[in-house]
1. Name the residue from V16, V149, L289 whose Cα lies farthest towards the positive end of the charge dipole of the chain, charges +1 on Cβ of Lys and Arg and -1 on Cβ of Asp and Glu.
2. Amide H to amide H under 5 Å from Q293: which residues, 5+ apart in sequence or cross-chain, H placed 1.01 Å off N in plane?
3. Please arrange R311, R333 by how many other C-beta atoms lie within 10 Å of their C-beta, fewest to most.
4. Mind listing the long-range amide H neighbours of Y77? Cut-off is under 5 Å, sequence gap 5 or more, other chains count too, H placed in the peptide plane at 1.01 Å from N.
5. Going by C-beta contacts inside 10 Å, put M139, M89 in order with the fewest on the left.
6. Quick check: residue separation of D250 and A421 times 0.36 nm, minus the Cα distance between them. What number comes out in nm?
7. For all pairs of alpha-carbon atoms in region 230-379, what percent lies in each bin of width 10 Å, listed from the first bin to the last filled one?
8. Counting C-alpha atoms alone, how compact is region 238-285: give Rg to one decimal and Dmax as a whole number, in angstrom.
Amino acid sequence: MNSVAEVFLAPGAPSVQRCARCGTVRDELDAAPACPECGGLLEILHGRPVDASGNVLDALSIKHAFAQHCCARPLGYASGVWRFESIVMPSAGSAITSHPEGNTPLLSRAALSRWSGVNGLLIKHEGHNPTGSFKDRGMTVGVTQAVRVGATAVACASTGNTSASLASYAAQAGIPGLVFVPEGKVAVGKLAQTLAYGARTLMVRGDFDACLRLVQESARELGIYLLNSINPWRVEGQKTIVLELLQQLDWKAPDFIVLPAGNLGNTAAFGKALRECYALGLIDRLPRLVAVQAAGAAPFAKSFREDFATRYTVAAETVATAIRIGDPASWDRAVRAIRGTNGIVLACSDEDIVDAKVVIDAAGVGCEAASAASIAGVRRLVADGIIQSADRVVAVLTGHVLKDPGMLIELHQTRADFANANRPIVIDANVAAVARVLRETQSLSITP
């Protein structure tokens with residue numbers, strides 16, 4: 001694992017953007033979406049944290065500073081992203097554009113522990129963010145950067161969640177937003193948010209990967225500021241999912257952190273967060289990252305089985321629309337994250353993902369379909385003997401249950417073959433009818 005000198009710049013040094021491929025270093029206010037020299041993805045390097053006098057902060061002092069910047073404390077931020085400002089965007093200043101976001105819960109439900117096979121399974125529910133997904137963590141930082149560089153418009157390609165988040169934060173910042181979505185392939189809840197928040201929605205004849213190619217070309221040729229997760233500042237915001245869950249665990253690292261994987265931005269962000277936390281001494285060991293793809297959109301899982309010897313692309317198809325991506329943009333960053341944490345990549349079938357979603361929903365937690373891939377992955381790894389029942393496991397749910405209401409209607413009302421359907425019951429307007437339904441419900445003996 002890298003030393004602090006390899007992960008951070010000199011104490012108090014200004015942040016820079018560095019190409020992960022060729023090593024070219026650019027100013028932090030450079031608005032280029034990728035390296036102009038080689039086209040590689042950029043990453044952010046920060047100076048090692050210091051106090052107001054320029055003294056290097058040790059691990060205990062950094063933890064104390066994060067705690068003091070939390071919530072309603074005198075020095076605090078309401079945001080669960082910006083309290084980590086010193087290793088996210090130290091020079092953000094008055095440009096910060098925040099709802100606020102973050103401060104999402106770590107949940108525990110007995111039903112999910114039983115189903116997954118992990119005693120005390122913890123769930124980090126990012127669906128509790130303002131627009132209902134983890135994307136808000138990256139978008140608050142990305143839009144803040146757009147404000148700093150004087151962007152006249154911002155844009156993204158999206159399967160739905162990114163577009164909703166961009167539309168909301170762009171509206172708050174007063175910057176015109178364009179979102180590129182695949183025609184007919186975005187859940188109605190996500191599309192409704194995007195339209196409501198005022199972004200111009202471009203429905204592209206093609207899949208997500210076509211949308212991403214088009215928005216990248218448009219950013220290069222038209223000067224639009226690109227806010228997909230290839231944007232390195234988005235990654236800085238998404239790091240805070242890990243920073244926050246580690247803080248919630250009193251900086252005692254779990255054995256596994258399990259997450260859904262589509263475009264691989266979160267996989268990359270989680271790996272970067274863990275490298276930095278370990279280098280700073282905030283944690284004394286690294287959790288294993290587990291990235292879970294849907295079987296119909298699993299190029300990264302296929303490559304993992306071959307030790308990443310080949311970069312694959314696929315024609316993606318899955319009910320988990322948020323991870324229906326066949327050519328993930330953050331591939332190289334994610335490979336580094338998996339290798340650096342002795343991580344695992346696997347694929348779960350749509351059937352397994354839907355089964356997990358039904359259990360998550362019935363436990364009163366709820367999530368969109370793609371989120372459930374993490375719990376399906378935990379169950380699979382328990383069955384394979386890789387995760388043990390006593391291991392400390394955190395599974396990340398990335399989106400809210402209402403992100404895809406169409407799927408809920410299909411499962412519980414439309415599909416005749418879905419055994420776990422909770423169908424609405426039409427009754428006469430009398431107490432006897434209510435009593436009959438109550439008796440039937442009680443006879444099911446559902447364990448809470």
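Read the figures in this text as sums done on the coordinates, not as results from a lab. In this text, all values refer to a predicted model and were calculated from it rather than measured experimentally. Here the Cβ positions follow ideal geometry from the backbone for every residue, glycine too, while neighbour counts run over all protein chains shown.
1. L289
2. Result for Q293 returns A261, L346, A347, C348.
3. Placing the least packed residue first, the sequence is R311, R333.
4. C70, C71
5. Least to most surrounded, the residues fall as M89, M139.
6. So the chain would gain 57.6 nm between D250 and A421.
7. 12, 41, 36, 11, 0
8. Computed over the Cα atoms of region 238-285, radius of gyration and Dmax are 10.4, 30 Å.
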